[in-house]
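Written out below as structure tokens is the structure these notes cover.
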Amino acid sequence: RNLATSLVLHESIVTTAAKAKVLKPYIEKLVTIAKQDDTVTAARKLNAVFFDEEATKKMLQTFKARYADRNSGFIITRNRLPRVSDAAPQIELSFVS
């Protein structure tokens, strides 16, 4: 939930490959909820997930309008260099513009 909140607020994050693999479908479902549900229902569902109400507002105002004509593929992944300390594979997650 912390990563999901950070991704929505900042629109791009760098994390490990394992966390990115779990986060991508999670965010895709949340964007779909924001698009399809009634505004009040969607806000309640999103508030149950996000730790910050600004993330919910951003989902309902910005992303709902931005992805109105898209059915899926809201997140793009890019491979990054491994982390220096432990050589963990890094992936950048960002929203499609």
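The values are calculated or read from the model by the stated rules, or taken from the named source; none is laboratory data. Since we're looking at a predicted model, the values are computed, not measured. Please note: Cβ atoms are built from the backbone with ideal geometry, for glycine as well, and neighbour counts cover all protein chains shown. Surface areas here come from the heavy atoms of the whole protein model, side chains and all, with no ligands, DNA or RNA. Shrake-Rupley method; radii C 1.70, N 1.55, O 1.52, S 1.80 Å.
Observations
- Dipole of the chain [Lys/Arg +1, Asp/Glu -1 at C-beta], most positive-end residue of Thr41, Asn71, Val31: Asn71
- Paramagnetic label reach from Thr5 (point 7 Å along Cα→Cβ; backbone nitrogen cut-off under 13 Å): within region 50-68, residues 50-57.
- Angle between the chain longest axis and helix 17-36 axis [Cα atoms, degrees, rounded to 10]: 10
- Gyration tensor over alpha-carbon atoms, the chain, equivalent ellipsoid semi-axes in Å: 26, 14, 10
- Note, ³J(HN,Hα) from phi for region 51-56, Karplus 6.51, -1.76, 1.60, rounded to Hz, x at Gly and Pro: 8, 10, 5, 5, 5, 5
- Of all accessible heavy-atom area on the chain, the percent that carbon and sulfur account for (1.4 Å): 52
- Nearest-20 debye value, the chain charge dipole, Cβ charges on Lys, Arg, Asp, Glu: 200
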